[in-house]
Amino acid sequence: MNVDLDRSTPIRMAMVGGGPGSFIGPVHRSAAELDGRFCLVAGAFSSAASRSYAAGRGYGLADERSYSDWRAMLKAEKLRPDGAEAVAIVTPNHLHLPIALAALKAGMHVVSDKPATATLAEALWLRSAVADADRVYALTYTYTGYPMLRMARALIAAGGIGKVRKIVVEYPQGWLAEPVEAGGNKQAEWRTDPARAGKGGCIGDIGIHAFQLAEYVSGLRVTAFVADLAAVVPGRRLDDDCNLLLRFENGARGVLIASQIATGELNDLTLRIYGSDASVAWAHRDATTLTIRHRDGRTEIRHAAASDGHGARLPLGHPEGFIEALANIYGDVAKAIRGENALIDTIVPGIREGVRSMLFVEKAVEASAACAGWTSLGHNP
């Protein structure tokens, strides 16, 4: 891969999406710039020029670097000597593919919010484009940036809990327990719209986080599953509640629960992995600790520390959070762009994980609708 070896200056980044009222746009900007490895220089923050200008000013940009059309932005930035080198995509799912394709064609690196695309067919198309473009492409499955999950991953890979036997991952939210999309909630509007979200609702929004995290930390691929997805809120066109039984490649069993109608829940992602010698447990509400329970009855609580090599930034006992986890991913992407590592699709999820996640979403939706029982997923792609 061709890399930019000038490591002395930040990578110039443009953003598509992240306009007024956006939650994820400012988070990506803060994470990208936290270590000084990226600098936001341009953006197509909204299709309305006034809103894009307003967002750009809020980000500290001159109006000439704020665009109302992302195609125009890519064209203009490519021609500038100080133009963007990378593009962050923080839009609804249906725009991920066209923006990523155009950015790669313009010779820019891509950091995309998950999922990679709205459909599996699109993900396969994008995979070919990434292979041809010779540019870095990364997906921000943000939880993979948490130091304690990286520590758990390394521990399991080293045999620290013995043979993995059971995996339980739960991601309950309650913000869609009522039809808030009918009341003008923009985040709910596109997430419940098949034309913008894709074939999956909850399964494609947070279910793939749970799925990807279970595979990422355990080091094991899901080979088969039973899926029970439902649209619980009357009139909703996409699933808002997901329950799956999983089988992994080594024979381990698993359970995945993802719900956006779990009334009262906020963002309580949890992961438990049980091995023959010990188990590990992690919860988003206490993200800087990892609990290890040994077969002999000992319980070990590990804390993130700046010296542990897994991405912690602060001295022992100081909490770190979501932006820091995302910043770890951006930091690894910057190293890949500058030729300092080749961790895309290993430590940092890339197009391979993007394709696999969309395979999981589409098969789960189809299997649930058909009451298909055990459905093969396989080890690849």
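The values are calculated or read from the model by the stated rules, or taken from the named source; none is laboratory data. What you see is a predicted model, and the numbers here were worked out from it, not measured in a lab. Virtual Cβ from ideal backbone geometry, glycine too; neighbours counted across all protein chains shown.
Within the stretch 157-180, count every residue that is in contact (Cβ under 8 Å) with a residue 40 or more places away in the chain and either of a type in the set (Val, Ile, Thr) or in a loop (DSSP other than H, G, I, E, B) (or both). Within the stretch 157-180, residues that are in contact (Cβ under 8 Å) with a residue 40 or more places away in the chain and either of a type in the set (Val, Ile, Thr) or in a loop (DSSP other than H, G, I, E, B) (or both) number 15.
For the stretch 334-381, the set of residues classified as within 15 Å of Arg221 (Cβ to Cβ), of a type in the set (D, E, K, R) and part of a loop (DSSP other than H, G, I, E, B) consists of Asp345 only.
Listed by first and then second residue, the pairs with beta-carbon distance under 6 Å, at least 6 apart or on different chains, first residue in the stretch 130-145 and within 14 Å of Thr346 (Cα to Cα) and at pLDDT below 95, second of a type in the set (Asp, Glu) and surrounded by fewer than 23 Cβ atoms within 10 Å (Cβ to Cβ), form an empty list.
Taken together, the criteria exclude Val110 from residues that are within 23 Å of Ile208 (Cβ to Cβ), in contact (Cβ under 8 Å) with a residue 60 or more places away in the chain and among the β-branched types (Val, Ile, Thr).
The strands (runs of 3 or more DSSP E) falling completely within the stretch 228-303 that include 2 or more residues that are in the same structural domain as Gly198 (by TED's automatic domain parsing), crowded, with 21+ Cβ neighbours inside 10 Å and touching a residue at least 12 places away in the same chain (Cβ under 8 Å) map to 241-248, 253-259, 270-275, 278-283.
Among the residues of the stretch 113-120, none qualifies, meaning not one is closer than 21 Å to Arg12 by Cβ and out of contact with any strand residue (DSSP E or B) (no Cβ under 7 Å at 6 or more places or on another chain). Put simply, of Ile167, Ile203, Ile156 the only residue that is more than 30 Å from His109 (Cβ to Cβ) and in contact with a strand residue (DSSP E or B) (Cβ under 6 Å, 6 or more places away or on another chain) is Ile167. The set of residues from the stretch 181-198 being assigned to a helix (DSSP H, G or I) and not small (Gly, Ala, Ser) comprises Glu181, Lys186, Gln187, Glu189, Trp190, Arg191, Pro194, Arg196.
The set of residues in the stretch 104-134 being within 16 Å of Tyr330 (Cβ to Cβ) and either more than 15 Å from the chain's Cα centre (by Cα) or polar (S, T, N, Q) (or both) consists of Met108, His109, Ser112. Take the conditions farther than 14 Å from Val110 by Cα, at pLDDT 90 or above and crowded, with 22+ Cβ neighbours inside 10 Å and apply them to Glu353. Does it pass? Spelling it out, Glu353 is indeed farther than 14 Å from Val110 by Cα, at pLDDT 90 or above and crowded, with 22+ Cβ neighbours inside 10 Å.
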